[in-house]
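The values are calculated or read from the model by the stated rules, or taken from the named source; none is laboratory data. The structure presented is a predicted model; accordingly, all values stated were derived computationally and were not measured. Backbone-built Cβ (ideal geometry, glycine too); neighbour counts: all protein chains shown. In case anyone asks, the SASA skips ligands and DNA or RNA and just uses the protein heavy atoms, side chains included. Shrake-Rupley method; radii C 1.70, N 1.55, O 1.52, S 1.80 Å.
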Amino acid sequence: QKEVEQDPGPLSVPEGAIVSLNCTYSNSAFQYFMWYRQYSRKGPELLMYTYSSGNKEDGRFTAQVDKSSKYISLFIRDSQPSDSATYLCAVGGTSYGKLTFGQGTILTVHP
Amino acid sequence: GAGVSQSPSNKVTEKGKDVELRCDPISGHTALYWYRQSLGQGLEFLIYFQGNSAPDKSGLPSDRFSAERTGGSVSTLTIQRTQQEDSAVYLCASSRGGLETQYFGPGTRLLVL
């Protein structure tokens, strides 16, 4: 079993839709949680970073963490074609930033 | 400002050859990480540098893989006697250390024929 499980999709939605992306993790030692966005042939870029259970909002993006269920989510409101990318969840539990990534979900938002 | 840069962007090599991949981190970033992204896979941690030392090499897949960092800056990942299963995108990231945000380079796409 992988330490972080993420449905690879692909996921295709119309412009304006609400997108829900999810990951589960197996090790309760993970203490911080991130979502990265990766455009084709580019490196990942950080979208959201949280330490605690609950919700964190940034513009159209909301990250949700439920440590009791070991479940993390990313919601994208009013999705745009420019949101089309691969979304990677990542978890960490060390003091020096070693990250364990999910497989990534390929998202396409069509006009 | 300048981000993390990696070279070469693409590398095609023959099975059995050695390759060197280079990473130039953001100036002033003390922490440097190498990850590997295989087709359809998430990023896989390879090695972590703090300054010039590597406290965590646990992700290196075999003794054919090695990495060094000099002057607290540039890092080189070397793969000896490449195999077809080494084909992947090799990504480098740097940060100010600790739990600070990691900034990724564009990666080196390695194809072993």
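General observations
- Within 10 Å of the Cβ of each residue in A:41-52, the mean number of Cβ atoms contributed by other protein chains is 4.
- Share of carbon and sulfur in the accessible heavy-atom surface of region A:42-111 [1.4 Å probe, %]: 50
- Radius, Kirkwood style, for region B:63-113 when every pair of distinct Cα atoms is counted (Å): 12.7
- Members of A:Lys42/B:Lys11; A:Lys2/B:Lys57; A:Lys2/B:Lys17; A:Lys42/A:Lys70; A:Lys42/B:Lys15; A:Lys2/B:Lys15 lying beyond 24 Å, as alpha-carbon distances in this model show: A:Lys2/B:Lys17; A:Lys42/A:Lys70; A:Lys42/B:Lys15; A:Lys2/B:Lys15
- Local net charge near A:Thr50, Cβ-Cβ under 14 Å (Lys/Arg +1, Asp/Glu -1): -1
- Test item: Cα-centred dipole of region A:10-111, Lys/Arg +1 and Asp/Glu -1 on Cβ, debye: 300
- Computed in the context of the full set of protein chains, the accessible area of chain B at 1.4 Å probe radius has 45% of its extent on carbon or sulfur.
- For the peptides B:26-38, A:71-83, residues were scored by their other Cβ atoms within 10 Å and the scores averaged per peptide; the highest-first order is B:26-38, A:71-83.
- Rounded accessible area per residue of chain B, 1.4 Å, Å²: 46
- Build a GNM of chain A with springs between Cα atoms under 10 Å apart, and of A:Tyr32, A:Tyr96, A:Tyr51 the one that fluctuates most is A:Tyr96.
- Per-peptide packing, taken as the mean over residues of other Cβ atoms within 10 Å, places B:94-100, A:89-95 in the sequence A:89-95, B:94-100 from highest down.
- Normalising the average separation of contacting C-alpha pairs (under 8 angstrom, six or more residues apart) by the number of residues puts the relative contact order of chain B at 37 percent.
- With all pairs of separate Cα atoms included, region B:1-75 yields a Kirkwood hydrodynamic radius of 13.6 Å.
- Shielding by partners - mean other protein chain Cβ count within 10 Å, residues of A:91-101: 6
- Counting Cβ atoms of other protein chains within 10 Å of each Cβ in A:65-71 and taking the mean gives 0.
- Buried accessible surface for the A/B pair, both sides summed and rounded to the nearest 100, is 1700 Å² with a 1.4 Å probe.
- Panel note: contact residues of region B:15-52 (accessible area lowered by at least 50 Å² against the chain on its own; 1.4 Å probe) correspond to B:Leu43.
- Rolling a 1.4 Å probe across the protein heavy atoms gives region A:1-70 an accessible surface of 56 Å² per residue.
- All other residues whose Cβ lies under 15 angstrom from that of B:Ser58 are scored, Lys and Arg at +1 and Asp and Glu at -1, for a net of -1.
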